[in-house]
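S.K.: I have a structure here, written as C-alpha cells, and I will follow up with some questions on it.
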Amino acid sequence: MNRTALTIKMLMILKARGTKRPVSTRELADELETNPRNIREFKKELITAGFNIKEKKGPYGGYILQEDTIFPVLPLTQQEIEALNESQEFMKSHKEFKSYSSYCDALTKVLASSKNGKNVSIQYLQNAVRPIEEKIQEMMDLALQAIGCEYTLCIDYQGANDSRVQTLEVDPYDLIHYRNSYYLVGFSHLRNDYRIYRFSAKRMIKMKMTSKHFLWDSQYQLINVVSRFGLIKKDFKNIKVRVNKDVIDRFEEYDGWGIDIKKIAEDAQNVFYEFKNPDRFELYRQIFSFDGKIEIIDPQSYKKEFNKKIVSFLENGDIYDDACK
C-alpha cells in the first residue's frame, strides 16, 4: 500500500476511534502494517491537509483527531451500529477468512463515515415508580434536548467523593433510570472519558446547554459504560420473549423490561420482542404478573429457571418470589 493510501486510512481510523480517546502509535502501525516511525510522517501530511491532530504524551497517549475539522457524516441506526460491532468481534476469531483484511478496511470506512442514530428518550432499566421533582424534571428535559441536538452541557455537579461542587462540560449521550434514580451518561471533557452523573437536588446543582456542538462517537455503547463504572454490576443478557397480542398494550406500557427493546417477529397470535436486561429476578416477577401471556424464548437457562419456579408455585402453592439467588 502506498504512502497516500496509508495516510488516508490513518485518517479513517482516527475518525472512527480517535476523536474521544488517543490512538497509540503502535496501534496505528499495527493496523496499517507499517513501521511506527512512519506514523509521525502521516500525521504531518494530515496536518498539512488541514486536519487538526493533537498528540497526547504518556503511557496512555497517542493521537486525537479534533472534531471541528471532520467532514459531515451519515447516520446509522443503533441496531446497525450494534450489528457492525458484533460482526467485528466475531471476525477477530475468524482471521482465516481470505477477505479478512478487506473486511476490516471496509468496516473502518463505514464507521469513519457514520454516526450513531440516537433514540432520544429515557432508557428504563427498571420501571419508574416515584414522582420526579420539578427542578430535576427541567434538567432531564434539557439533557434530552441536548442529546437530540448534540450540544455540550455545562453542569455544576458534586460527586459522591468530591469535597466541593465542580463546573463540568459534558457531551450527553443517554438518560437512564435505574432503582428509582435517573442518571446522565456523557463524555466528560475534564476526565476525557465517559462518566455517569446522578440527577439529584444535592448533587446536580445547575445545568445549561452550551453552543458547542459535539460529534457523536460511533463506538459509544450504553451497556459498556454502565457496566464499566459499576452502576449495574450484573451482566446484561439478551432476552427474547413471546407476547400474546391480548396483552401487547400492557407489555409496551411497562418501562422496565430493559434497554434496546425491539420487535423482531410476529404471527397471528403473538409478537416477539428482544431487549437487554440486567436483572433476571425482576424480569421473572414481571413476566409472572402477565399470567402466562408472556413466554421466555431465550436464553434457555432463564426459561428453565423460570418454568421451574412456576411448577413449584403450582404444586406447592408457594407465593412467587425471587428466592432463587
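Bear in mind these aren't lab numbers, they're just calculated from the coordinates by the rules spelled out. The shown structure was predicted, so the numbers you read here are calculated from the model rather than taken from an experiment. Cβ sites come from the backbone with ideal geometry, for glycine too, and all protein chains shown count toward neighbours.
S.K.: What ratio of Cα Rg to 2.2 N^0.38 Å holds for segment 128-243?
M.R.: Compactness ratio reported: 1.09.
S.K.: Oh, and also: Straight distance only, please: which aspartates and glutamates reach the Cα of K9 with their own Cα at less than 12 Å, same-chain residues fewer than 8 apart left out?
M.R.: Hits, sequence-local ones excluded: E31, E33, D105.
S.K.: Follow-up question, since we're still on this one. Listed highest first by mean packing, meaning other Cβ atoms within 10 Å per residue, what order do 162-172, 21-31 come in?
M.R.: Numbers: 162-172: 15.7, 21-31: 17.5.
For the peptides 162-172, 21-31, the packing ranking is 21-31, 162-172.
S.K.: What FRET efficiency comes out for the pair V311/S87, r = Cβ-Cβ distance, R0 = 30 Å, nearest 0.05?
M.R.: Values: r = 39 Å, r/R0 = 1.31.
Given R0 = 30 Å and the Cβ-Cβ separation, E is 0.15.
S.K.: When you count, for each residue, the other Cβ atoms within 10 Å and take the mean per peptide, how do 143-152, 188-197 rank with the highest first?
M.R.: On the way: 143-152: 18.3, 188-197: 15.9.
Taking the mean over residues of other Cβ atoms within 10 Å, the ranking is 143-152, 188-197.
S.K.: Also: Over segment 1-71, calculate the relative contact order: mean separation of alpha carbon pairs under 8 Å at least 6 apart, over the residue count, as a percent. Spell out each step's value before the answer.
M.R.: Values: 82 pairs, mean separation 25.7, N = 71.
So the answer I get is 36 percent.
S.K.: Next question, about the same structure. Which whole-number percent is the relative contact order of segment 122-228 (Cα, under 8 Å, 6+ apart)? Mind dumping the intermediate values first?
M.R.: Details: 194 pairs, mean separation 31.9, N = 107.
30 percent.
S.K.: I would also like to ask the following. Nearest 0.05, what FRET efficiency do R179 and R3 give at R0 = 56 Å with Cβ-Cβ as r?
M.R.: Details: r = 54 Å, r/R0 = 0.97.
Efficiency, rounded to the nearest 0.05: 0.55.
S.K.: Please compute P(r) over all alpha-carbon pairs of segment 1-71, binned at 10 Å starting from zero, and give each bin as a whole-number percent.
M.R.: 21, 62, 17
S.K.: Taking the Kirkwood radius as the inverse of the mean 1/r across Cα pairs, report the Rg/Rh of segment 237-316.
M.R.: Numbers: Rg = 12.1 Å, Rh = 12.8 Å.
Using only Cα positions, Rg/Rh for segment 237-316 is 0.94.
S.K.: Which pairs break 23 Å Cα to Cα here: K20/K56; K54/K95; K262/K303? Each step should come with its number before you reach the end.
M.R.: Working: K20/K56 12 Å; K54/K95 32 Å; K262/K303 20 Å.
From K20/K56; K54/K95; K262/K303, over 23 Å: K54/K95.
S.K.: So, one more: How much length, in nm to one decimal, is gained on full extension between R164 and S211, taken as 0.36 nm per residue of separation minus their Cα-Cα distance?
M.R.: Working: separation 47, 0.36 × 47 = 16.92 nm, distance 2.60 nm.
Full extension from R164 to S211 adds 14.3 nm.
S.K.: I'd like the FRET efficiency for L142 and D267, computed as 1/(1 + (r/R0)^6) with the beta carbon distance as r and R0 of 45 Å, rounded to 0.05.
M.R.: Details: r = 43 Å, r/R0 = 0.95.
For L142 and D267, the calculated efficiency is 0.60.
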